[in-house]
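**Q** Take a look at this one; I'll ask things after.
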Amino acid sequence: MFMIKNLTRISPNTSSIITRFRNSGSSSSSSYTLASRFCTAQETQIQSPAKIPNDVDRSQYSGLPPTREGEKPRVVVLGSGWAGCRLMKGIDTNLYDVVCVSPRNHMVFTPLLASTCVGTLEFRSVAEPISRIQPAISREPGSFFFLANCSRLDADAHEVHCETLTDGLNTLKPWKFKIAYDKLVIASGAEASTFGIHGVMENAIFLREVHHAQEIRRKLLLNLMLSDTPGISKEEKRRLLHCVVVGGGPTGVEFSGELSDFIMKDVRQRYAHVKDDIHVTLIEARDILSSFDDRLRRYAIKQLNKSGVRFVRGIVKDVQSQKLILDDGTEVPYGLLVWSTGVGPSPFVRSLGLPKDPTGRIGIDEWMRVPSVQDVFAIGDCSGYLETTGKPTLPALAQVAEREGKYLANLLNAIGKANGGRANSAKEIELGVPFVYKHLGSMATIGRYKALVDLRESKDAKGISMTGFVSWFIWRSAYLTRVISWRNRFYVAINWFTTFVFGRDISRI
């Protein structure tokens, strides 16, 4: 059964498998139903042979055909970030089958990702498997997770075209397939913004995924060990031990704080020969933590300076393999460069022939719908309000994406209960109250058991804001309770305790 369920291992002779199921006389109708869900293009005629490129093996075009009477409507979710996972968690699987397509099989708890770079937390503590968020994906016969990227949307045919993810160039060729949907939710997120600056993609490391954190950790520890090599020049040692963070938002500031803690508490004890040469520079074009209160920003700069973080105001013009150049001509040598300057639309989002908001994200209305096509919704960092709604584009924050996912799950559940779950069947259904976002506040840790907590609804509104150890305790308590599963909450709590007692793990694995 697993061989049938796993799309990437289906034989091109799927039709012969189905024939054997038909002729076997087995009393298990569910086995035949599951097998018949995956059909080649020749079996289902989802796409006519004329549309298949001549240089591609037609047997590669397998997929999930449209749902039939007696089957639950199918919701296809593209992405496994905050928005997509919150939607999958809240969707009623008695009403819908859920199919998730994503290049990763887990959700990343991004607020704690910076802590994994220096060994405060282990990587598995911030990764939540999709099957734990929505168990139906691994249990229900019509729900699946596919490790793949979506390459094209055919809104007229209610299909998405996908391509499986491969690990490197010398592995299996990508398997191309299609999925018919009744409702499509695009939650594919965004990509890091480089502003077209030369050399960023080749030399900088972003901090958005677990593999980014792993790369940062390995690079940091490698530089520490190389800097202690006999015969290395003083200048080269200082370059290797210079960690540069570009971007003064919450991610850049929190990583700088974690890194300074790591230097002060662990490097100086275990790498005594280089303790005076390692330092951190934070580069920002404007003010750091621009969404926070002015008092909190000044406090953050003061505490980061005490921790040894040097703040430089400037714009990066060019990035080379061992140095970056600012707009005033200043050259900044580095051994580790972390880029955290915000996000922008991904190539997939830009390729879609859908209306866009002023920032290039998928344009949506107040109910998260893409108005120009039927049964397509967009949530999270990949979407933004159309200008016709009169609403400003919401910030690319985890709490925005999570709230949108929760709202859309409730909306789809209501549509399903009103018999609107099928494709093109929800046109006359009243959608109810539109989405309204209310900001709950912002938090950021800055190292040395200190943090910032800003509970105002907006920068100009009145509300509670605080700093210091109490804020740090609130920050840790809040995020510990927000970690999705009890399993990962236990991991995080144990990691924090062992780090406090024994220090950070500095093994380069």
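The values are calculated or read from the model by the stated rules, or taken from the named source; none is laboratory data. Keep in mind that this is a model prediction, so the values were computed, not measured. Cβ sites come from the backbone with ideal geometry, for glycine too, and all protein chains shown count toward neighbours. SASA here: full protein model, heavy atoms, side chains in, ligands and nucleic acids out. Shrake-Rupley method; radii C 1.70, N 1.55, O 1.52, S 1.80 Å.
**Q** Just a yes or no: is a residue in segment 410-421 surrounded by 14 or more Cβ atoms within 10 Å (Cβ to Cβ), of a type outside the set (A, V, I, L, M), under 19 Å from Thr110 (Cβ atoms) and modelled with pLDDT of 95 or more?
**A** So far as segment 410-421 goes, no, none of its residues is surrounded by 14 or more Cβ atoms within 10 Å (Cβ to Cβ), of a type outside the set (A, V, I, L, M), under 19 Å from Thr110 (Cβ atoms) and modelled with pLDDT of 95 or more.
**Q** Out of curiosity, is Ser340 among the polar types (S, T, N, Q) and either farther than 23 Å from Gly420 by Cβ or surrounded by fewer than 18 Cβ atoms within 10 Å (Cβ to Cβ) (or both)?
**A** It is true that Ser340 is among the polar types (S, T, N, Q) and either farther than 23 Å from Gly420 by Cβ or surrounded by fewer than 18 Cβ atoms within 10 Å (Cβ to Cβ) (or both).
**Q** So which residues in segment 225-248 are within 19 Å of Val332 (Cα to Cα) and not in a strand (DSSP E or B), if there are any at all?
**A** Restricting attention to segment 225-248, the residues satisfying the condition of being within 19 Å of Val332 (Cα to Cα) are 227, 233-248.
Ser227, Ser233, Lys234, Glu235, Glu236, Lys237, Arg238, Arg239, Leu240, Leu241, Gly247, Gly248 - these are the residues of segment 225-248 that are within 19 Å of Val332 (Cα to Cα) and not in a strand (DSSP E or B).
**Q** Of the residues Phe490, Phe473, Phe500, which is over 27 Å from the mean Cα position of the chain (by Cα), open to solvent by 30 Å² or more (accessible area, probe 1.4 Å) and not polar (S, T, N, Q)?
**A** After ruling out the rest, the residue left standing is Phe500.
**Q** Which one of Arg504, Arg456, Arg403 is touching a helix residue (DSSP H, G or I) at 6+ places or on another chain (Cβ under 9 Å), more than 30 Å from Pro371 (Cα to Cα) and not aliphatic (A, V, I, L, M)?
**A** Only one candidate passes the filter, namely Arg504.
**Q** Of the residues that sit in segment 359-369 and are touching a residue at least 24 places away in the same chain (Cβ under 8 Å) and assigned to a loop (DSSP other than H, G, I, E, B), which one is nearest to Phe195 (Cα to Cα)?
**A** So the residue we want is Thr359.
**Q** Just checking, which of Arg297, Arg268, Arg238 is farther than 23 Å from Arg208 by Cβ, touching a residue at least 60 places away in the same chain (Cβ under 8 Å) and of a type outside the set (Asp, Glu)?
**A** Arg238
**Q** Exactly one of (1) in contact with a Phe, Trp or Tyr (Cβ under 7 Å, 6 or more places away or on another chain); (2) under 20 Å from Asp365 (Cβ atoms); (3) open to solvent by 40 Å² or more (accessible area, probe 1.4 Å) is unmet by Asn424. Its number?
**A** (1)
**Q** Quick check on my filter: what residues within segment 442-469 are open to solvent by 60 Å² or more (accessible area, probe 1.4 Å) and modelled with pLDDT of 95 or more?
**A** Of everything in segment 442-469, just one residue is open to solvent by 60 Å² or more (accessible area, probe 1.4 Å) and modelled with pLDDT of 95 or more, namely Phe469.
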